[in-house]
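To start, the structure under review is shown below, and the notes come after it.
The values are calculated or read from the model by the stated rules, or taken from the named source; none is laboratory data. Because the structure is predicted, anything quoted here is derived from the model rather than measured. Note that we place each Cβ from the backbone using ideal geometry, even for glycine, and neighbour counts take in every protein chain shown.
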Amino acid sequence: MASLKSLKQTSLEAYCEEQGEKFYWISNEQKVLDRTLKSLVGEVRFPSQITSMYCGRVRDSVIFGKSYVIGESGRAVFLNQSHRNYSRDEFSRYYFNDIVIERLARPLIEDECCFLGGFSGQDRYFGHFIFEFLYRLVAFEMCGVLGKYPIVVFDEIPASWMSFIELYGVPRSMIIQVPQQPCPKFKAVWIASCPNFLNSDSRYSFWDDGIHFLRKRLREKASKQFPSGPGRVFLGRKGARHRRLVNENLVWDFLSSHGFVYPDLTGEPAAEQIAAVASAEIIVSVTGSNSSMTQFAPNNVSIIDIVPPKLGGGLGSLGFAAVIGQTYTRVEANSVSSSAPSGINDDIEVDLAILSKALELADKL
């Protein structure tokens, strides 16, 4: 294994060209959009960029954590969430443990396949799984390799996550599970760039076509199992490890008196999770994993998002609303923390009077 200092960064496009392998630009749109969201309280300007999406096939490569590859020459190809290419400092910070563990024997995947990945172990973040991995199924389909080759995911990912892959149309028999560490090595593997991410200039980037395509397919498949769902839905943070809503019981007492239901989505199959929001007219969500489900709500839904004071929020309800055209209103909560300064993972408390006003406005639509 080459030392960290000797690693060279290159693009997947160049890497594929050197190997004589296939590379596809699925979307190479560079136009920057200032999206105007419809809101209960007026217009919301949301600076975002259309993602350039690509996919390619490489040989004899190791794939690390969140999806970059490294060849035998010690050349690294970075594909991940925050930017298309990580800097050397970011590489060192995020993947030092993966480099050290290189000394261990790696599992070798002999069959040609498509790498989807995911999170395993303690790093199980459903919202990030949706944003950073699931949409790659659409990329593989657009390249004509989905269904032709198996899909590789990390082992230990929850069964409910697996159900989203299966609902999309990948049978369990076509899914290979491998350890996240030591990182697997592949004879031949298809990899796709991250569909949605925070760009280096602090603009959120979204693969619009991918969002619309996946959303349409999963909504249609879920509706065959669950034709209708509730009209008013609360997506809370019960049982969360951080960013908990400390007055959630009071919030729920208020919302339940106004006809809301509070579905427990934890561990539920994909179709049931989607059905819980697929007919919603109003969704009140606490920013977090569950709020990523608002992408499966109708176009004309009104989303009231309870957000920590220092969390701008783009890869969540706000971002999906910007792409889909849903009505989105941010309700800023107060940080509840003994630390200084407060952080985005602090527990929060929302003012019921403000939440009540937002609901009143939503009722008038």
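Selection within the range 225-239: residues that are in contact with a Ser or Thr (Cβ under 6 Å, 6 or more places away or on another chain) and closer than 18 Å to Asp264 by Cβ. The member of this set that is modelled with the highest pLDDT is Leu235.
Here's a check for you: in the range 162-174, which residue that is assigned to a loop (DSSP other than H, G, I, E, B) and without any contact (Cβ under 8 Å) to a residue 40 or more places away in the chain is surrounded by the most Cβ atoms within 10 Å (Cβ to Cβ)? Looking at residues that are assigned to a loop (DSSP other than H, G, I, E, B) and without any contact (Cβ under 8 Å) to a residue 40 or more places away in the chain, I get Val170.
Just the residues that are modelled with pLDDT under 95 and farther than 21 Å from Ala333 by Cα, please, taken from the range 248-267. Those that are modelled with pLDDT under 95 and farther than 21 Å from Ala333 by Cα: Pro263, Asp264, Leu265, Thr266, Gly267.
Yes/no matrix, rows are residues, columns are (1) under 25 Å from the mean Cα position of the chain (by Cα); (2) among the charged types (D, E, K, R); (3) farther than 28 Å from Ser205 by Cβ; (4) crowded, with 24+ Cβ neighbours inside 10 Å:
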| site | (1), (2), (3), (4) |
| --- | --- |
| Ser285 | yes, no, no, yes |
| Gly316 | yes, no, no, yes |
| Val331 | yes, no, no, no |
| Ile354 | no, no, yes, no |
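Remark: pairs (first residue in the range 123-145, under 17 Å from Ala270 (Cα atoms); second residue basic (Lys, Arg) and modelled with pLDDT of 95 or more; Cβ separation under 6 Å; 6+ apart in sequence or on different chains) are absent.
Please tell me if Arg124 is buried (at least 18 other Cβ atoms within 10 Å of the Cβ) and in contact with a Pro (Cβ under 7 Å, 6 or more places away or on another chain). So Arg124 does not fit the description; no. Counting just the residues of the range 1-32 that are part of a strand (DSSP E or B) and under 30 Å from Pro47 (Cα atoms), which one comes out modelled with the lowest pLDDT? Within the range 1-32, the match that is modelled with the lowest pLDDT is Val32.
Closer than 30 Å to Leu365 by Cα, at pLDDT 70 or above and of a type in the set (S, T, N, Q), is that true of Ser61?
Numbers: closer than 30 Å to Leu365 by Cα: no; at pLDDT 70 or above: yes; of a type in the set (S, T, N, Q): yes.
No, not satisfied.
Within the range 267-294, the set of residues being without any contact (Cβ under 8 Å) to a residue 60 or more places away in the chain and of a type in the set (Ser, Thr, Tyr) comprises Ser279, Ser285, Thr287, Thr294.
Scan (1) over 28 Å from Ala270 (Cβ atoms); (2) in contact (Cβ under 8 Å) with a residue 60 or more places away in the chain; (3) surrounded by fewer than 19 Cβ atoms within 10 Å (Cβ to Cβ) for the single condition Ile344 breaks and write down its number. Looking at each condition in turn, Ile344 falls short on (1).
Give me the residue from the range 295-314 that is more than 14 Å from the chain's Cα centre (by Cα) and within 19 Å of Leu218 (Cα to Cα) and, out of that set, surrounded by the fewest Cβ atoms within 10 Å (Cβ to Cβ). Full working, then the answer.
Initial filter on the range 295-314 (more than 14 Å from the chain's Cα centre (by Cα)): 297-312.
Then drop every residue that is not within 19 Å of Leu218 (Cα to Cα), which leaves 297-301.
Details: Ala297: 29, Pro298: 14, Asn299: 9, Asn300: 12, Val301: 24.
Within the range 295-314, the match that is surrounded by the fewest Cβ atoms within 10 Å (Cβ to Cβ) is Asn299.
Residues that are of a type in the set (Asp, Glu) number at least 2 in the following helices (runs of 4 or more DSSP H) confined to the range 254-365: 352-363. In the range 95-116, of all residues being over 25 Å from Val323 (Cα atoms) and assigned to a strand (DSSP E or B), the one that is modelled with the lowest pLDDT corresponds to Leu108.
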